[in-house]
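First up is the structure itself, then whatever we jot down about it.
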Amino acid sequence: MLTKLYIVRHTQTTGNVEKRLTGRDDYEVTYEGNKFIRALTQRLENINFDKVYSSTSGRAVKTVELLAEKNNLDIIQSDELCEMYFGIYDGMKWEDVNSINPLIHENHVKTNEIMGIENQESSEVVANRMYDYIRKICIENLNKTILISSHGVSIEAFLRKITGEPFGNKREEYSQKNTSLNIVQYDSKIDCFEVLLLNDYSHLIQKDKESKNDNGR
């Protein structure tokens, strides 16, 4: 039996604009972020979702609120879908992190992983908690269509775990944009995930084109 998952990264927030390590700290959705939500909602409005899941972060919940309302569903929230915890630097601006410990950014450039911060989660820990919880969702919802709202690093870690693609490879393909859509299918017979769509944000490109056309009239 199959479970189909629509996994989206949360929309743009002030933390994203300010280039912060937006882990467990939460931030307000920007004006652009609200436009992103509308574009995502329009893209998925004809999908009949059976369940909607989100991390407990407000930015992730707000990203799928309209879709949950359209399907008359409550949003099931879980810490297991939250972003990587960035330890003592959680919520800090990258420029401040660089002034304190430039090796964090240097390693990120080299390896595509954020690591070496005191008390932070590792990519492996994040990948495993995401995998375990999402697999549980699938087993509890066989033959159903599920919407999940989570976070950039967490989604990327999960996708890399199920595809076996190391963090250093294919950075652009896996690095999640705000409201990026991933479609994943779980087959309970072989206990395996298959990626059907990876990191797609064409709804934002289309919305931007429409906006430019309107402004030109």
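What follows draws every value from the coordinates through simple rules; no lab data is involved. Keep in mind the model is a prediction, meaning the values are calculated, not measured. Cβ atoms come from the backbone with ideal geometry, glycine included; neighbour counts cover every protein chain shown.
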Cleavage-rule hits (chymotrypsin sites (Phe, Trp or Tyr not before Pro)) in region 74-142: DSSP loop, at most 13 neighbouring Cβ within 10 angstrom | none
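Based solely on its DSSP helices, what 222 nm [θ] is calculated for the chain when runs of n ≥ 4 H residues each add -39,500 (n - 2.57) and the sum is averaged over all residues, nearest 500 deg cm²/dmol?
Helix-only estimate at 222 nm: -13500 deg cm²/dmol.
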Cα-only Debye scattering, region 125-212: base-10 log of I(q)/I(0) at q = 0.13, 0.26 Å⁻¹ | -0.46, -1.44
GLU106, GLU113 arranged by Cβ crowding within 10 Å, fewest neighbours leading | GLU106, GLU113
Checked region 30-93 against the a/c 1.5 cut and the a/b vs b/c comparison, axes a ≥ b ≥ c from its Cα gyration tensor; verdict oblate
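Among 154-165, 4-15, 178-189, 66-77, how do they line up from the highest to the lowest mean number of other beta-carbon atoms within 10 Å? Please report the intermediate quantities before stating the final value.
Values: 154-165: 20.5, 4-15: 23.7, 178-189: 18.8, 66-77: 15.3.
Result, highest mean Cβ count within 10 Å first: 4-15, 154-165, 178-189, 66-77.
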Projected area, mean over directions - the chain, Cα convex hull, nm² | 12.3 nm²
Beta bridge orientation in the chain: antiparallel %, DSSP, nearest 5 = 55 percent
What residue among TYR131, ASN48, ASN98 has its Cα farthest toward the positive end of the dipole of region 2-215, where the charges are +1 on Lys, Arg and -1 on Asp, Glu, each on the Cβ?
-> ASN48
Computed about the Cα centre, the charge dipole of region 2-215 from +1 Lys/Arg and -1 Asp/Glu charges at the Cβ has a magnitude in debye, to the nearest 20, of 560 debye
Picking from GLY168, ILE37, ALA60, whose Cα lies most toward the positive end of the charge dipole for the chain (charges on Cβ: Lys, Arg +1; Asp, Glu -1)?
-> ILE37
Give the Debye-formula value of log10 I(q)/I(0) at each listed q (0.11 Å⁻¹), with one equal scatterer per alpha carbon of region 65-157, two decimals each.
-> -0.43
Between the alpha-carbon centers of region 17-78 and region 136-198, tell me the distance in whole angstrom.
-> 17 Å
Give the dimensionless ratio obtained when the Cα radius of gyration of region 1-42 is divided by 2.2 N^0.38 Å.
-> 1.44
